[in-house]
1. Compute the length gained on full extension between B:Met462 and B:Trp24: take 0.36 nm times their separation in residues and subtract their Cα-Cα distance, giving the result in nm to one decimal.
2. Work out the FRET efficiency for B:Asn63 and B:Lys518 from their Cβ-Cβ distance, taking R0 = 51 Å, and round it to the nearest 0.05.
3. Of the options B:Gly320, B:Leu237, B:Thr211, report the single residue whose Cα projects farthest towards the positive end of the charge dipole of the range B:200-343 (beta-carbon charges: Lys, Arg +1; Asp, Glu -1).
4. Which ordering of B:Met344, B:Met206, A:Met229 is given by a fewest-first count of other beta-carbon atoms within 10 Å?
5. Using only alpha carbons, build the gyration tensor for chain B and give me the equivalent ellipsoid semi-axes, biggest first, whole Å.
6. Lys/Arg Cβ at +1, Asp/Glu Cβ at -1, dipole of chain B taken about the Cα centre: which of B:Gln506, B:Thr398, B:Ile175 is farthest positive-ward?
7. Over all directions, average the projected area of the Cα convex hull of the range B:197-305 and note it in nm².
8. What's the FRET efficiency of B:Ile489 with B:His549 using the Cβ-Cβ distance as r and R₀ = 45 Å, to the nearest 0.05?
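Where a number appears in this text, it was derived from the coordinates with a stated rule and is not lab data. Note that the coordinates shown come from a computational prediction; the quantities given were computed from them, not determined experimentally. For neighbour counting, all protein chains shown are included, and Cβ atoms are generated from backbone atoms with ideal geometry for every residue, glycine included.
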Amino acid sequence: MASLTPTVSIGDPRTALGGGGGAPPVPLRGGGDDSARYFHMRLRRARLGMAVGIIGIVMVFVSFTSAYVVRQGMPSFDPRTNSLVHDWLAVPLPRLLLINTFVLLLSSAAMELARRQTKRQVALAQTAAIPGVSLGEEKQIPWLALTAMLGLIFLTGQWLVWRELAARGFYLSTSASSSFVYLLTGIHGVHLLGGIVALLSASAACLLRQPLDSQFVVQDVTGWYWHFMAILWVYILCLLEFVH
Amino acid sequence: MATREFAAHESHAHAAPQGFIRKWVFSLDHKVIGLQYYFLALSAVFVGMLLSLLMRIHMIWPNATIPLLGDIKPETYVSLLTMHGTIMVFFVLTTAPQGGFGNYFLPIQIGAADMAFPVLNMLSFWVTFLGYIALLAAFFVPGGAPLHGWTGYPPLSAVPSAGPGEGLGADLWGISIALFCLGALMSALNFITTTLDMRAKGMKLMRMPLTCWAWFITAILGLLAFGVLLSAAILLLLDRNAGTSFYVPLITVNGQVLAHKGGSPLLWQHLFWFFGHPEVYIAIVPAMGLCSQLVSVFSRKPIFGYKAMVYAMLSIGLLGFMVWGHHMFMSGMSPYSAFAFSVMTMAIGVPSAIKTFNWLGTLWGGRIRFASPMLFAIGFVSLFVSGGISGPFLAQPTLDIPLHDTAFVVGHFHLIMGVASIFGIFAATYYWFPKMFGRMMNESLARWHFWFTFVGTYSIFMPMHYLGMAGQPRRYSQFTELHYLDRLIPLNTFITFAAFVTIAAQFIFVFNLFWSMKFGKKASDNPWEATTLEWTTATPPPHDNFGGHTPIVYNGPYEYSVPGAPRDYVMQTDTTAVPAH
């Protein structure tokens, strides 16, 4: 009986996705080619995992967006007039949100600088390992700490925004629109808090002087996540500001 | 080659644990985590079956007093129904095929040492476990378990004062669902990354066993669907506890006007069913993959149309996201929307038929070995057809409207989603037990189990179609006083007795499972003469799956009866030249 599954000999077996830019092309632990491949494998895997995770988070916010749009266009029953009325009450967003947005974008830039600084350190590590070559002491800027600090300032700012909204009489349950403002900012804040935990873990990796490649992998995926948080926030702000 | 082996060892970063806690409780090993999921599902299925038995008893003997429980009141009946559905859908049908067998065998079948993120894998299980505990806790809180059915429709599910189980019990239900979603999302992330990034040398995507394709596609469905249910559950919990009105309109409960206004119960239905329909495929696609595997192994033939099988599963997954509205024909949707949902739903019949014909095509002319895994695989095909054929009925709004709230739907989804998927779990257990535990399960007991379960489940769920067409409503706690249904009571009594027998038969399975772990015949490394990678390694597999090396894959997964080969099967790792066809 003939086999129906085509079976061919392997020319150049590809085992995984491969590729992925931006990684330093050097062995990092002095272990030669294997070490570099191991590093690339870890980086690729971590990035892939993060990308898949981001898709999951996107689906959460896609659902909230659809709920937001549907609820906005829906009439509600008014017992006083005994009729259906459009009760969507636009919430005037505090100007502080713009400052918060600026802070978060700044933190995203700091995160990128942190990532690039470590990438540079990793790239220089090979040169520094050559006998007789000295690169001198390079001043390290604590970008990671700065990113985390800006993240905390953003969260504090969001809390102040909530207080301002409450002072104006907009609470979580006041109206559908205010519920969505609290919901979207709150869930984004929870995700950002997760990012701050990741930043602390990346900082701990630096302080504990873990191998540079491990530091870079953690910082790289934390950077992806942090940038995503910034983009997500800009999206949420545009949704709240322009879609009503 | 040395480099690949290096990579494999390095990727298996955690060493074999020695202590009991790290080895069996907070384990990072995908095999142990797979078993944890499996046994969680096994305990859940018995709770679920017990609840269904209580429901069946109440339906025909509404005044019976149950020992320890006393009388079953109408609200108790509805809470049994809610908990039965929730436990079975989430903690059995979603947990065992993907979390259990997927965790155990995906890495081994693609030649990896573990999942991509072992710590995340452990977290996935424990979050799921917490969700299970939260759900069971709902039985024991004041007011008892919730009443709103597994679909949790508001306003009933969103108003704590709406009924006795809608207080803390319903909160626990919502928390349980949210935790389950978190666990499922983390698990999906792991499955997708593992499949894309950790395949052994030579294991191209189109060389993966169809089981791996099924787990991969299920993970994608889970990633896209559980995020939506998580959002819906968050909104529900806010409506219940924070006074928001996402789902609750202006409403009066027990004569009191509630503070909510303007919410939309339909919003929940849209979000829920956007998850809910893909959930059907999350439950059954792993069984499809497994059935394809077993039909090929036990027919000693390559699977008929490997690529067609892959594309059919992908199209079923894709179409599954476009048909949620067919659960809502009763909601007063525009007939144009209903028509679109109807057409998309019936389109799913095409890839489903492709799969069915390919299974039959594989069986055709094969040298079939009727071992117990194969019996359950054939049983799966039978149930898939019997349960699936009523799908196109319900996909038509004009038929769905009279049938929707009847036992017809109960019969339909139990056959296609419940029992078919459970047959997949049984088939997987009988097939992989030798690899997992190093011993064979008792074949005679397995056959008894198969025939009792096969005949029993058909006896339970097939008549429900007739009951539904005769107008028997679903979710009613009592209908013995509805005189137009009097003539259906004998059939209902028959179903209840069939349920007794079928559930009793499951103890044969449990006995066989545990007895065989200790006393079963010792299994060889490849007792079924199969070709995939799990059968190339030791039994049970070592901590790193392949004992310090990484397999290299030269052949497809279904090389049976290959002309010129020394045996009637060629392992995926065999270097023997196999001619291309």
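1. Working: separation 438, 0.36 × 438 = 157.68 nm, distance 4.13 nm.
Working it through step by step, the gained length comes to 153.5 nm.
2. Values: r = 44 Å, r/R0 = 0.87.
FRET efficiency, B:Asn63 to B:Lys518: 0.70.
3. B:Thr211
4. Working: B:Met344 18, B:Met206 13, A:Met229 25.
Sorted ascending by nearby Cβ count, the order is B:Met206, B:Met344, A:Met229.
5. Values: eigenvalues 326, 137, 111 Å².
In descending order the semi-axes read 40, 26, 24 Å.
6. B:Gln506
7. Over all viewing directions, the range B:197-305 projects a mean Cα-hull area of 10.6 nm².
8. Values: r = 64 Å, r/R0 = 1.43.
E(calc), rounded to 0.05, equals 0.10.
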